[in-house]
Amino acid sequence: MAPMNRRRFLINTAGTVPGLSATAATLAAGKPPLRVCLVSGSAEYESDKSLAAFKSHLEETYRAYCTLIKARGFEDLPGLAALDDCDVALFFTRRLTIEGEQLERVKRYCGAGRPIVALRTASHGFQNWLEFDKLVLGGNYHGHFGSGPITRVTIEERAAKHPVLKGVGPIESTSSLYKTAPLAPDAELLMTGSTPESDGSQPVAWTRLHKQARVFYTSLGGQDDFGNPAFLRLLVNALFWTAKRKVQPKPHR
């Protein structure tokens, strides 16, 4: 199936998480939807398009309500008031140069110990606050390997039963592999990736606590990744887990 057709299929197909009983789905349906703030600002990876598609998938398939806010160029990120009322924020930005009140809103959200999911270029998502990577995400972004080789992702054996990885199948990515090692000492490594030129593996996904809040980061997030059901499941799991909620699929209609 061509990537675009596969993505369209994913967005328009609703269903429950495999293995979830009808009773569990009914109980989950009685809880309020997960409120997600999607923060887009990575033009290089067309985050506006990817997150709009993911928003549709999430709202059609799970009990979730999303607010998508989009950067205007590099200097303006309107709509950040949505962070005040969300249960979890997902950041997919790249070298935005926001400052003043807008940057302070992002810092206040992180400093208040709120749940965070961050994708790919979010490790260098705010040029005026590059410390976000080490301080909040527990990462260590310092470039990437060349584009072209497939990145093969492997689940860490000791993390195989982590809730974020439940139901996540094999992942291969056409996006370049990020150089992220070593991670913060308190980070829990979930997945690594390797390419023929990487001479070993690099951390690809991990979790940690920041201000007692759950944080998840993955260096995946290229356009093709959003067409992979395993990657979508990883993001869904991460959003509900960081918000300390069980995944809530919508019941069959």
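The values are calculated or read from the model by the stated rules, or taken from the named source; none is laboratory data. Predicted model, so just to flag it, every value in this text is computed and none were measured. Cβ coordinates were reconstructed from backbone atoms using ideal geometry, including for glycine residues, and neighbour counts include every protein chain displayed.
In this structure, does residue 100 turn out to be touching a strand residue (DSSP E or B) at 6+ places or on another chain (Cβ under 9 Å) and at positive phi? No; evaluated as a whole, the condition is false for this residue. Sub-6 Å Cβ pairs linking a first residue in segment 43-69 that is closer than 15 Å to residue 231 by Cβ to a second residue that is hydroxyl-bearing (Ser, Thr, Tyr), at least 6 apart or interchain, are 47/40; 51/40, ordered by first then second residue. Given the condition surrounded by fewer than 20 Cβ atoms within 10 Å (Cβ to Cβ), touching a Ser or Thr at 6+ places or on another chain (Cβ under 6 Å) and closer than 24 Å to residue 36 by Cα, answer yes or no: does some residue in segment 81-95 qualify? Yes, segment 81-95 contains at least one residue that is surrounded by fewer than 20 Cβ atoms within 10 Å (Cβ to Cβ), touching a Ser or Thr at 6+ places or on another chain (Cβ under 6 Å) and closer than 24 Å to residue 36 by Cα. For first residues located in segment 183-196 and under 17 Å from residue 231 (Cβ atoms) and among the aliphatic types (A, V, I, L, M), partners that are at pLDDT 95 or above and surrounded by fewer than 18 Cβ atoms within 10 Å (Cβ to Cβ) and lie 6+ apart or on another chain with Cβ distances below 6 Å form the pairs 190/159.
State whether the residues of segment 240-248 include one that is in contact with a Ser or Thr (Cβ under 6 Å, 6 or more places away or on another chain) and not β-branched (Val, Ile, Thr). Within segment 240-248, not a single residue is in contact with a Ser or Thr (Cβ under 6 Å, 6 or more places away or on another chain) and not β-branched (Val, Ile, Thr). Within segment 146-161, the set of residues being more than 20 Å from residue 43 (Cα to Cα), surrounded by fewer than 20 Cβ atoms within 10 Å (Cβ to Cβ) and in contact (Cβ under 8 Å) with a residue 40 or more places away in the chain comprises 149, 150, 152, 154.
Taking the criterion of being modelled with pLDDT of 95 or more, under 29 Å from residue 106 (Cβ atoms) and assigned to a loop (DSSP other than H, G, I, E, B), the residues of segment 136-166 that qualify are 138, 139, 140, 141, 142, 162. The sole residue among 64, 71, 118 that is in contact with a Gly (Cβ under 6 Å, 6 or more places away or on another chain), surrounded by 20 or more Cβ atoms within 10 Å (Cβ to Cβ) and of a type in the set (A, V, I, L, M) is 71.
Within segment 202-242, the only residue that satisfies the criterion of being surrounded by fewer than 22 Cβ atoms within 10 Å (Cβ to Cβ), over 24 Å from residue 172 (Cβ atoms) and touching a strand residue (DSSP E or B) at 6+ places or on another chain (Cβ under 6 Å) is 208. Where strands (runs of 3 or more DSSP E) fall entirely within segment 168-253, those with at least 1 residues that are of a type in the set (D, E, K, R) and under 28 Å from residue 131 (Cβ atoms) are at 188-194, 202-210, 213-218. Restricting attention to segment 110-134, the residues that are among the charged types (D, E, K, R), out of contact with any strand residue (DSSP E or B) (no Cβ under 8 Å at 6 or more places or on another chain) and in contact (Cβ under 8 Å) with a residue 24 or more places away in the chain total 1. Taking into account only those residues within segment 162-187 that are in contact with a Gly (Cβ under 8 Å, 6 or more places away or on another chain) and closer than 17 Å to residue 215 by Cα, which is surrounded by the most Cβ atoms within 10 Å (Cβ to Cβ)? The residue in question is 180.
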